[in-house]
Every structure is written in structure tokens, then in C-alpha cells.
Protein chains: 2
Amino acid sequence: MAHLLHLDSSLLGDRSVTRKLSARAADAWRAAHPGGTVTYRDLGSDPLPHVTEATALARMLPPEQHTPAQAASWALSEELVNEVKQADTILLGLPLYNYGAPSSVKSWVDHLIAIGLSIDAQTQAGLLAGKEFIVLAARGGGYDEGTPREGWDHAEAWLPHGVAATGLEPRFITAQLTLAEAQPFMAALIPLAKESMAAAERQIDDLWSLVPVAA
Amino acid sequence: MAHLLHLDSSLLGDRSVTRKLSARAADAWRAAHPGGTVTYRDLGSDPLPHVTEATALARMLPPEQHTPAQAASWALSEELVNEVKQADTILLGLPLYNYGAPSSVKSWVDHLIAIGLSIDAQTQAGLLAGKEFIVLAARGGGYDEGTPREGWDHAEAWLPHGVAATGLEPRFITAQLTLAEAQPFMAALIPLAKESMAAAERQIDDLWSLVPVAA
């Protein structure tokens, strides 16, 4: 049975671009995987705690030596790693806040990276390799090559490195210039913004369109 | 009266490199500013909450329309912005976790960025400009040009952009390869690690050494 893990992290509820895109992707996945099951986690409205000293020490000590706080943090890591292990596909809605990933997404990654859970303790191999990891990203501006703020999207730049040790390899589908309609000084960019959104939607609709349909 | 804001964020307590460096810098600052006062905030052991929908909405609505949750988040932003405004110098200990800033540092920045508090609502000018902002950074590996993981330090790359709207301009003093002594595969890098640490300490000791001493 195919299984999907669907994660959101935006704080903007119904106004969120990444929530709209991840919902579209989840719908497309469901249509292509009849009978498939879904786990949903909302890092935006129900964030994981920041990692603590107990999280760090739990990674340096064998589980049988954990204090209660270390054991609790390790159990949370196990839960989050198992959620990913049980999924064939992971969808993550990733907005850009102050030019970085939401702190809740950083927390998710920090809890997820654990030798003995997501990384093999002997070989250092990533134990989450081979998953389909689709990131539905949005950014209010445009930070491509040649723009005045080239390289200011530090969420997309960081995430592949942040999860690399686990074997996860994010594929990004990104809508940019999403603030163009709301910001008068960006009015000239509205056509580009619409083009970017349409391209993102097309990429989502094409994700599982090659799955054979019963005749 | 000179005032210092000293922030730490490492989870490693006494073993933290950034805590050692920021403490050395705070000592140097105190020595050069007799009678100066210090505010200390520990983002590592006492992290700020992740920003929430209330944080986001508090930034879109006039204060008199805030719900209690929005008012509480806005009050926290005011507190954090005032801490920075009251300081002449800010020291921040910044470790690198999973190739990014600690989520607690991202949260601090997210709470700090607020039009009407740290950014002028009319002119968009950064209201925290002109502060001395020294970041004591550490990274376990080496991510300089020409290394296999060139560009994997996404904490130093992000922070100047993350706080740019406020006018804060971080100056980095960085110790790298700090895991060289602990990791057998990095043993050959121990001399470079020692050199990097010595250079960081020298830069700290020189920070306020030109302040005239009474004869």
C-alpha cells in the first residue's frame, strides 16, 4: 500500500501559497494512488520543540544511559524518522521567512538527523535514501541569478545539505514573486509571478501523471 | 554608559566553542568598558517560541486590533527589539547545526523583524543600524572555497540577509574544523583547526584593544 507523508509549515493558513501547492500535490498523489494512505503533520500550527541539550546528549549516549529528558527527545526523533521511513513519498510545504526556512522546519530536520535512526551507525549510510521527497516552495521575491538579491533564498540552498546525511534528496517545485500582486513596487512583476505559479502547478500535475490508469 | 547584549545559542554547555568565544569577547568588552552594563540571553537553554500565525497576523494588523495572542507575540517582539536598541554592542554565539543556524537563532530573528519596531513603517529604514554586531561562529568542518563541501555553512551565509532589513550588519569571527580533534578521519586537519582557533581568539582580543587606557 502506497503511503504519503504530507508536511506543511506556513503560518498563513488559507492565504498560504505553499499550503495550496502541497494540497494540490497531495490531491494528485491520491488520484494516482487509489487506496494509498496519508499521514499529515502541521509544523506551522503545531511546531516541534526546538532541539535542546537533551536532544544533543541523547545522540552521544547509548539509549540505556538516557535520562528521562534525553529518552523523551530520542523517542520524538524515533517517531519522526519512522514517519519518513513508512512513507514512499514526502511532501513538504516550505515558505521563505526572513530569507531562511521556517524555524519549525529547521527543528524537524534537527530532530530527524540521528545516527542509529536515520543514519547507519556502522556505515554512516543514510537510512532514508530512495524516498520521493517533493518540496513545494514559495518565495515572495525573486532571487535568481542576475537579480539584485541573487542567492538570498537560503531555505532551498540549505535543505539538501541539511538532510543529506539521511539520504533524502529534495526535489523543489517553487513559485516565486508571490508578493507581486500585494506589493505596489512589484506590480511590473505580476506577469512573471503568474507564469511562475502556472509552471509550479504544471509540474505538480505532471508528478504522477505517468502512473498507468486501468483501462 | 556603554551597554552590551550577549546572546548564546549552543546546546553543548561547557563543551561549546561558541560559548567559550562569546565569553572571551564579553570579557574583553568589559575590560575595555569599565562601568559598562550587560544583558545576557541564552537562546540555547531558554529558547524563544517558534513564530506562529499570531506573530504573522500581529505584523499585518494595527496593535489596537490585536487579539490577546497577537498582542503577546507583539510584546515579545518589542522586548527583543528594545534589548537590541539599548545595546551598543551585540555578541551572538552561533554554532552550525545540520549546516544551518540553530532554530532558536532563526526564531530570534523572526521575532526581531517587525515593521514599526525594528523597521521604520514610513521609510522602511532599518532602526537597528549603527550597532556593533559581532558573531562568534563555529563550524565542525571546513566549507571554504575549494573544499569538498564548499558553501555548506548556511548559517553565516543567511544571517546578514536575515537581519538586513533592520540595519544590523554582522561581523563574523569564526573558528572552523572544531571537530578535528574528536573525529579520527579529520586528524590531519588538527593543525589547521588550532590555527583557526588562535586566529579567532586574536581577532576577539583585538576588538576593543584600541580603547585608550588611563595612564
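Any read-out appearing in this document is the output of simple, stated calculations on the displayed coordinates, not a laboratory observation. Note that the structure is predicted; figures quoted are calculated from it, not measured. Here the Cβ is made from the backbone with ideal geometry for all residues, glycine too, and neighbour counts use every protein chain on show.
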- Message: Using the Kirkwood formula on the Cα atoms of the stretch A:1-112, what hydrodynamic radius do you get, in angstrom to one decimal?
- Response: 15.3 Å
- Message: I'd like the FRET efficiency for A:Asp46 and B:Glu150, computed as 1/(1 + (r/R0)^6) with the beta carbon distance as r and R0 of 35 Å, rounded to 0.05.
- Response: 0.45
- Check every DSSP H run in chain A and write down those whose alpha carbon atoms cover 30 angstrom or more along the long axis and whose mean Kyte-Doolittle hydropathy is 1.6 or greater. none
- Shortest-first nm distances, B:Val38 label point to equivalent points in other copies (7 Å, Cα→Cβ): 5.3
- Task: Only bridges with both residues in chain B count here: give the DSSP antiparallel percent, nearest 5.
- Result: 10 percent
- Note on the structure: per DSSP, antiparallel bridges as share of beta bridges in the protein assembly as shown, % nearest 5, sits at 10 percent
- Item | Out-of-range pairs (alpha-carbon distance over 23 Å; input A:Lys131/A:Lys194; B:Lys20/B:Lys194; A:Lys20/A:Lys194) | A:Lys131/A:Lys194
- Item | Per-pair calculated FRET efficiency, R0 = 45 Å: A:Leu179 and A:Gln86 via Cβ, rounded to 0.05 | 0.80
- Query: In peptide B:101-113, how many Cβ atoms from other protein chains are near each Cβ within 10 Å, on average?
  - Reply: 6
- Query: Given a Förster radius of 25 Å and the C-beta distance between B:Gln124 and B:Asp206 as r, what FRET efficiency does 1/(1 + (r/R0)^6) yield to the nearest 0.05?
  - Reply: 0.10
- Note on the structure: Between B:Thr67 and A:Ala72, the two model label points (7 Å from Cα along the beta-carbon direction) sit apart by a distance in nm of 2.7 nm
- Dividing the surface of the Cα convex hull of the protein assembly as shown by four yields a projected area in nm² of 25.0 nm²
- Query: Closest approach to the B-A rotation axis by any Cβ of B: residue and distance in angstrom?
  - Reply: B:Ser103, 2
- Message: I need the inter-copy label distances for A:Ala198: point set 7 Å along Cα to C-beta, values in nm with one decimal, smallest first.
- Response: 6.2
- Nearest 20 debye, what's the magnitude of the dipole of the stretch B:3-206 about its Cα centre given +1 on Lys and Arg Cβ and -1 on Asp and Glu Cβ? 220 debye
- Treating each Cα of chain B as an identical point scatterer and ignoring solvent, apply the Debye formula and state log10 I(q)/I(0) at q = 0.10, 0.11, 0.14 Å⁻¹. -0.48, -0.58, -0.89
- What residues qualify as long-range amide H neighbours of B:Leu94, i.e. H under 5 Å apart, gap of 5 or more or another chain, H built at 1.01 Å from N? B:Leu136, B:Ala137, B:Ala138
- Message: Among A:Ala164, A:Met60, A:Ala199, whose Cα projects farthest towards the positive end of the dipole of the stretch A:3-206, with charges put on the beta-carbon of Lys, Arg (+1) and Asp, Glu (-1)?
- Response: A:Ala199
- Query: If you put +1 on each Lys and Arg Cβ and -1 on each Asp and Glu Cβ, how big is the dipole of the protein assembly as shown around its Cα centre, in Debye rounded to 20?
  - Reply: 80 debye
- Reachable aspartates and glutamates from A:Lys85, Cα under 20 Å, same-chain residues fewer than 8 places away excluded? A:Asp8, A:Asp42, A:Asp110, A:Asp120, A:Glu132, A:Glu169
- Message: Based only on other Cβ atoms within 10 Å, what is the fewest-to-most ordering of A:Met1, A:Met197?
- Response: A:Met1, A:Met197
- Item | Residue-averaged 222 nm ellipticity for chain A, from DSSP H runs of 4+ at -39500 (n - 2.57), nearest 500 | -11000 deg cm²/dmol
- How many nanometers, to one decimal and shortest first, lie between the label point of B:Gly13 and those of its other copies, if labels sit 7 Å from Cα toward Cβ? 4.2
